[in-house]
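A short write-up of the structure that comes next.
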Amino acid sequence: MTRRFLISSLAVGLLALGGLNAQAGQISISPVGAPLSDFVTPPAPLGNYAIVGNLEFSDFTYTPQAVSPPGPAPPPTAANVTVAPFTYPPAPPPPGETGISFTGGFYAAPDTIVDYKIGYTVTALSGTITDAYMLLAGGPFGGNGSVSAAETITNAANGAFLGSMEGTFGALVTSTNWSPGVTSISVAKDMLLVGGSNGATVSFVGQAFSSAIPEPASMALLGIGLSGLFTLRRLFKRTSVA
């Protein structure tokens, strides 16, 4: 009886572990994107991520919050926000920097204020990240509404501040950079929509990053240099012994 119970418990545990592993993993967002609900926790399991070029995007969070009483159009849920690949500038040359975008009709009805917070981690699969670009499209539908976006970027390893960006309504392009580059950053984005008399919206927000990858020629020269030092070290050892 005890042996049968232990075997059954082990089987159930393995099935549950397999189910968790099947749920967590890479989500494809190319070329049409995937819902933000595939990434945020809850309800999706921690560990879902997307890869665009040399960058991995993970640990997503999404918090829409009505600052004043909600209007007739509620904030979009994570299931109604699309995460897709993004390139800045969108029409090279020069070659654009890679990143992600969020679309979803972020909206504040007349006489309401809605605050949208989006967070995520960006990790360079090789090399380091040295700067970030943000592009925002939207604004009020006339009247006295407004749209503003602010962003803080920190080193994911130790929380050190790296840079910030902010701007107001309309087509917005802003950037920040830091040196030396780091392998992983945390992004905290905050969009504040003031509906005013006619309402306000953000239809699109894109984010791109510069990733410094060591050039093959530089790596080859480094290898040659290290090989030369190793050879000299062996030669000195032989000379000392002699």
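The values are calculated or read from the model by the stated rules, or taken from the named source; none is laboratory data. All of these numbers come straight from a predicted model, not from anything done at the bench. Cβ placement follows ideal geometry from the backbone for every residue including glycine, while neighbour counts extend to all protein chains displayed.
Quick notes on this structure:
- Residue identified as under 30 Å from PRO69 (Cα atoms) and either out of contact with any Cys (no Cβ under 6 Å at 6 or more places or on another chain) or not in a strand (DSSP E or B) (or both) among ALA84, ALA132, ALA150: ALA150
- Residues (more than 19 Å from ILE51 (Cβ to Cβ) and surrounded by fewer than 18 Cβ atoms within 10 Å (Cβ to Cβ)) located in the range 182-194: ALA188, ASP190
- The set of residues in the range 118-156 being under 19 Å from PRO75 (Cα atoms) and at pLDDT below 95 consists of LEU136, ALA137, GLY138, GLY139, PRO140, PHE141, GLY145, SER146, VAL147, SER148, ALA149, ALA150.
- Selected residue [at pLDDT 70 or above, within 17 Å of GLY99 (Cα to Cα), among the β-branched types (Val, Ile, Thr) and surrounded by fewer than 17 Cβ atoms within 10 Å (Cβ to Cβ)] from THR168, THR176: THR176
- Number of positions in the range 153-173 that are within 16 Å of the chain's Cα centre (by Cα) and either in contact (Cβ under 8 Å) with a residue 40 or more places away in the chain or part of a strand (DSSP E or B) (or both): 7
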